[in-house]
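First comes the structure, then the notes that go with it.
Every number in this text was worked out from the coordinates using simple rules, so none of it is lab data. Computed from a prediction, not measured in an experiment: that's the story for all the values here. Here Cβ is always computed from backbone atoms with ideal geometry, including for glycine, and neighbour counts include all displayed protein chains.
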Amino acid sequence: MTAAQWLLILAWSGLTLYALLGGADFGGGFWDALAGGARRGYAQRRLIEHSIGPVWEANHVWLIFVLVMFWTCFPGVFASVASTLYIPLTLVAIGIIARGAAFAFRKASTELWQLRLFGGAFALSSVVTPFFLGAVAGGVASGRVPYGLAAGDLVSSWWNPTSLMAGALAVGTTAYLAAVYLTGDARRGGDERLAGAFRLRGLVTAVVTGAIALGGLFVVRADAPALYAGLTGRALPLVLVSGVAGLASMALLAARRYVPARGTAALAVAAVLWGWAVAQYPVMLPPDVTVSEAAAHPAVLRATLVTVILGMVLLVPSLLWLFAIFQRSPARRAATKE
Amino acid sequence: MVLSDVAATPADLVAARVQMAISLGWHIILACFGVGMPALTVFAQWRGLRTGDEAYERLAHRWAKAMGVLFAVGAVSGTILSFEMGLLWPGLMATYGQVIGLPFALEGFAFFIEAVFLGIYLYAWNRLPPRLHLLTGLPVCVAGVASAFFVVSVNAWMNQPRGFDLTNGTVTGVRPWEAMFNPATPLQTVHMILAAFMVAGFGIAAVYAAAMLRGRRDRYHRIGLLLPFTAAAAITPVQIVIGDSLARFLAHHQPTKLAAMEGLNRTSSHVDLSLGGVYLDGRLRYALHIPDALSILVGFRPSTVVQGLDAVPAADRPPVTPVHLCFQVMVAIGLGLLLLGLWLGLTWWRRRDLPRSRWFLRLTVLSGPAAVVALETGWITTEVGRQPWVVWRHLRTADAVNPAPGLWAGLVVVLAVYVVLTVATVYVLNRLRTQRVTAPQEGWAEEFAP
């Protein structure tokens, strides 16, 4: 395998982790929005805040990792995507600002009107941002972003059937992942009723998201035949894995087996992303810009590969420790301090 | 394949530049606190642990809480910049993205480490044993400084582009390490990192000086002023020496920028140093002249030749008025902060106390905003002084912009977002100042249990 292929795999793994971790943080905002009035929604919002508070910034960095990997290793592709899709990407950027800032502001607030204001901004941007990220993915996957600066249509590149479907799928996915993850967090916190509430939400969003994904196949067949051929051809095993894992996570949720349900839910989502990648590989920008054509200079690829591997040696243990600290029993020492 | 084009309209180019300037100018303040504040907080916490002094412990709690807000806002405003690199300047990224990718990749990891350990440091305050918890603050300090180094090395590269071969406008060979360690990197990165500690130090000290002016002169407020002020004041003379070397570096490596900073039109020897003044209608007016001083500063003798703006065609000159003005303001503030630090140093040496004059506190209140103004004017000096190039003598800013129409609409939206963000950040930080101190990440959820 070439350095470019390894780097593409690493970048795509970063994107997968962003979807599974950062995506679930967005989903937390989705459920925060639907938690109801201040009193009724208190327990849910508290759980969401405790779950995503310590980790969301680290999870968010995966997105920056992906951006940097693409502009370093595939600069022409990055510039083409960014310039043609600058409208949805600007909206994504604004959504990211609003969400992160509002979450931090709410953390530091104690008055109800502030909690409502910042909480509202946090929740709204948590839904808007993944939608536009999905729309961007749909634009690229359906071959609407040609190679060149702003060479594609500035509107129809992201306002088209595949993009809208992918946007809806992204929102559904974040909500689904968050609900499944939160069941486990609620049980660990000793609140079985709350875990049950998120179990129900997980089941409902699994059905809705599964329906979007299945319906999406028909949209793609009509709108992006090349992608459809890939998904039902070479990538078919991954599409099937996604479906089976999704069904398994529903069964596990129904049986209240929350920890294994997380694994299957994550697998279902990851399989969609890798299914897309396999379906269009080696093309990066359909119809004809391939990985080897788009790759940066070999010296850059080598230096980046070495950097990423060394960086991971530092990063992975740190990340695991972060998750280990907060996935252990909830803040007992903090509680005794009150 | 050459990926370069011109803006859809001149207004779109201006919009892209303004949007980048605002989002960078905004982020740079937050980034300075992100670089400087962890060290101050960890130091206060360490003193508290060692001496059992409650004032230090309370300060560490308070600063950690503010840091949580500042880091979150800094993280997202920094993300926007990496988006804007592609959204606004795809011409730069398509051609040179690979040349400057390595420091950005390294910065990505530094930011990752910073975010991971900040999460642990802020949220595990009461979960880990105190000494271990204190240690988790150290990677935050190191990674913050490392991030600043990597990002500024990219800006240094834009001033001194190295490490690539061009064939007909296409990059054909890249030496990423040579690009990262270009001649401007050492001085520019140190200048920026020291500036970050000055902004954080004077910025925090200003808050406590304001409280002391209102009569709150207990130990907590005194330490809250003295600790960050001392750090910033100790750095100030070093910063001035670095700044001086940087100006001399420009004389040899980027003379057009120095000429704009000094408002110098003609290349010659025996050049005067001009203090103040306004550059109008193509020449510097109302300035105070010190004979031969610029030549002496650049080459240590009056006969040193200093290059003026006339060395390059008019189309390759930066706008002189803002560069000259901003440079003068930055230098003036730097010298003022040096004097303020000396004042405290003198009274401390004589009688181990703060100056008795209320003017010291008043000036310390001003030192925070002044340090921010010096930061911004310094940034404008280097950025506008590089124009009309985005990559010096290789790529014009006008050729790097996204050719898509309607960039001005993006600017309007982004402007509105930043206004709201500024108001909310200032409001929340101001409230944190007066709130009851709790462990760093306990907020509404703990206080509003039904």
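Points to keep in mind about this one:
- Kyte-Doolittle mean at least 0.5 and Cα axial length at least 24 Å: DSSP H helices in chain B: B:10-51, B:54-88, B:101-123, B:130-159, B:185-213, B:219-253, B:320-351, B:358-386, B:407-434
- Separation of region B:63-77 and region B:311-377, taken as the distance between their Cα centroids, equals 25 angstrom.
- Neighbouring partner chain Cβ atoms per residue of B:416-427, average, 10 Å criterion: 3
- Calculated over the protein assembly as shown: convex hull of Cα atoms, volume per residue (Å³): 154
- The mean of 1/r over all distinct Cα pairs in region A:3-329, once inverted, gives the Kirkwood hydrodynamic radius of 20.3 Å.
- A Stokes-Einstein calculation at 10 °C with viscosity 1.306 mPa s, built on the Kirkwood radius of region B:176-296 over Cα pairs, returns a diffusion coefficient of 91 µm²/s.
- Taking chain A and dividing mean pair separation by its residue count, relative contact order in percent (alpha carbons under 8 Å, at least six apart): 22
- From the alpha carbon centroid of region B:33-59 to that of region A:95-111 is 25 Å.
- With both labels modelled 7 Å from their Cα along Cα-to-Cβ, the B:ARG301 to B:THR51 distance reads 5.3 nm.
- Footprinting exposure proxy for B:GLU262, A:GLU293, A:GLU111 (fewest neighbouring C-beta atoms within 10 Å first): A:GLU111, A:GLU293, B:GLU262
- Relative contact order of chain B, pairs being alpha-carbon contacts under 8 Å that are 6 or more residues apart, as %: 22
- Between region B:191-205 and region A:190-261, the C-alpha centres lie 50 angstrom from each other.
- If R0 is 22 Å, the Cβ-Cβ spacing of B:ARG350 and B:ARG217 corresponds to a FRET efficiency of close to 0.65.
- Residues whose amide H lies under 5 Å from that of B:VAL390, counting only those 5 or more places away or on a different chain, are B:LEU395, B:ARG396, B:THR397; hydrogens are built 1.01 Å from N in the peptide plane.
- In region B:91-137, the ratio of gyration radius to Kirkwood radius, Rg to Rh, stands at 1.32 when only Cα atoms are counted.
- Where the Cα pairs of chain B fall when distances are cut into 10 Å bins, in %: 4, 19, 28, 26, 16, 6, 1, 0
- Estimated distance in nm for a label pair at B:SER357 and B:ARG266, the labels positioned 7 Å out from Cα along Cα-to-Cβ: 4.3
- For region A:3-329, the residue among A:LEU273, A:PRO260, A:TYR86 whose Cα projects farthest onto the positive side of the dipole built from Cβ charges is A:PRO260.
- Other residues whose C-beta falls under 14 angstrom from the C-beta of B:LEU134 contribute a net charge of +3, scoring Lys and Arg +1 and Asp and Glu -1.
- Remark: region A:1-99 carries a charge dipole of roughly 320 debye about the Cα centre, counting +1 on each Lys and Arg Cβ and -1 on each Asp and Glu Cβ.
- Extension gain, B:VAL413 back to B:ASP244 (0.36 nm per residue minus Cα-Cα distance, nm): 56.9 nm
- Paramagnetic label reach from B:ASP310 (point 7 Å along Cα→Cβ; backbone nitrogen cut-off under 18 Å): within region B:254-271, residues B:255-271.
- Here is the list for region B:261-350: trypsin sites (Lys or Arg not before Pro) lying in DSSP coil, each with at most 15 other C-beta atoms within 10 angstrom of its C-beta, are B:ARG266.
- For chain A, complete DSSP H runs whose alpha carbons reach 18 Å or more along their own long axis and whose mean Kyte-Doolittle score is -0.5 or higher are A:3-17, A:56-73, A:86-107, A:112-141, A:161-188, A:192-223, A:236-254, A:258-280, A:298-327.
- Dividing the summed helix terms, -39500 (n - 2.57) for each DSSP H run of n ≥ 4, by the number of residues in the protein assembly as shown produces a 222 nm estimate of -25500 deg cm²/dmol to the nearest 500.
- The residue among B:PRO318, B:ALA416, B:LEU194 whose Cα reaches farthest toward the positive pole of the charge dipole of chain B, with charges on the beta-carbon of Lys, Arg, Asp and Glu, is B:LEU194.
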